[in-house]
Amino acid sequence: MEGVSTRGVLSHLSLLEDQASSRGSRVLQQPCRVKELKAKVEALTSQRDQLKAEIQTHKNLQKLRPSVDKRRVAGEEEDMDVDSESSELLRLMARHSELSDLLHAHHLIGGYDVIKTRQGKGMCFSLATAYEGIYLDTYNLEIDLKPKVRITRHNIPPFIPLNNLAEQSDLQTGLRAFLDTVSQHLNAFAGRKQQLQLVKEQHKSVEVMESNLLCSILVLMFTVPKEKTHMLCTLEYTNHTRCLPTRVHLESEDKRLPDAPQWKKNCSLLTEVPVHRALTAIRKSRDIV
């Protein structure tokens, strides 16, 4: 019995030693954990202060904007103190305006709006078209990134050779080149289409005889006042990445008219200047009504 009691006491002492050692280890680890928590608190505090400063700046800008507009109207902008707080906020507003203009320019030169799809496995690109500074149609192109890059959905017109362009650019390595090429095709198409619309609006005496969906062929009928006759003008746009024709062909009952020096000059003009502008110049020279 005495031996059993002794073993029980020894086991209990061993258990107490283990517990004491465990507490000591936790005590040693505790300062490290405290340092980590303090560092995290400091980082969060700094982030909070930064957010507060940004919110306050935004509020100040909103309060200042009406008074700035009034000063601009009254011509008092030059009299403002350069070192004042109002002047600093004005500079911030000017910087904001500059960045907005840069963003606008980025879109005009081929920038793309992108959103993630399918939880990051795909991306949807918005391709905006514009002509002479005016935004026209916007097209969307969704591309899967995994397991490989491929086109899934889009609303691009079927006469744009999307699959051929994808093969030529190699989507796996040349996605940006592919998007740039598609954007060129879309903007050229939008430009040709807009030119056709401007011809109809600005040149009522010019009759549009024929045009296709791609606007790559355009047949116009002119009235030539000097010869008192009509002339057919066919514009062919074989380069679908441009909005200027590559060939101009003239036909008239007066066989000599298309070869006349003035009309050869007009043909050259039609290949160098957008059609609605070229027609304005030709009409000013009184070659058409």
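The values are calculated or read from the model by the stated rules, or taken from the named source; none is laboratory data. Model, not experiment: these values are computed from the prediction. Every residue, glycine as well, gets a Cβ built from its backbone with ideal geometry; the counts of neighbours run over all protein chains shown. Surface areas here come from the heavy atoms of the whole protein model, side chains and all, with no ligands, DNA or RNA. Shrake-Rupley method; radii C 1.70, N 1.55, O 1.52, S 1.80 Å.
Looking for something among the aliphatic types (A, V, I, L, M) and touching a His at 6+ places or on another chain (Cβ under 8 Å) - is there at least one such residue anywhere in the range 258-265? No; the residues of the range 258-265 include none that is among the aliphatic types (A, V, I, L, M) and touching a His at 6+ places or on another chain (Cβ under 8 Å).
Scan the range 207-214 and give yes if some residue there is among the small types (Gly, Ala, Ser) and surrounded by 14 or more Cβ atoms within 10 Å (Cβ to Cβ), otherwise no. Write out each step before concluding.
Going residue by residue through the range 207-214, those that are among the small types (Gly, Ala, Ser) are 211.
Applying the additional criterion that residues be surrounded by 14 or more Cβ atoms within 10 Å (Cβ to Cβ) yields 211.
Within the range 207-214, one or more residues are among the small types (Gly, Ala, Ser) and surrounded by 14 or more Cβ atoms within 10 Å (Cβ to Cβ).
For the range 90-114, a residue qualifies if it is modelled with pLDDT of 75 or more and either among the charged types (D, E, K, R) or touching a Ser or Thr at 6+ places or on another chain (Cβ under 8 Å) (or both), and the qualifying residues are Arg91, Leu92, Arg95, Tyr112, Asp113, Val114.
When you scan the range 166-189, do you find a residue that is of a type in the set (Asp, Glu), within 17 Å of the chain's Cα centre (by Cα) and under 21 Å from Val114 (Cα atoms), even just one? So far as the range 166-189 goes, yes, one or more of its residues are of a type in the set (Asp, Glu), within 17 Å of the chain's Cα centre (by Cα) and under 21 Å from Val114 (Cα atoms). Scan the range 233-254 for residues that are open to solvent by less than 70 Å² (accessible area, probe 1.4 Å), modelled with pLDDT of 95 or more and outside any strand (DSSP E or B) and the total you get is 8.
Can you find a residue in the range 186-205 that is assigned to a loop (DSSP other than H, G, I, E, B) and either open to solvent by less than 90 Å² (accessible area, probe 1.4 Å) or touching a residue at least 24 places away in the same chain (Cβ under 8 Å) (or both)? Give the derivation first.
The initial filter retains those residues of the range 186-205 that are assigned to a loop (DSSP other than H, G, I, E, B), namely 203-205.
Within this subset, residues satisfying the condition of being either open to solvent by less than 90 Å² (accessible area, probe 1.4 Å) or touching a residue at least 24 places away in the same chain (Cβ under 8 Å) (or both) are 203, 205.
Yes, some residue in the range 186-205 is assigned to a loop (DSSP other than H, G, I, E, B) and either open to solvent by less than 90 Å² (accessible area, probe 1.4 Å) or touching a residue at least 24 places away in the same chain (Cβ under 8 Å) (or both).
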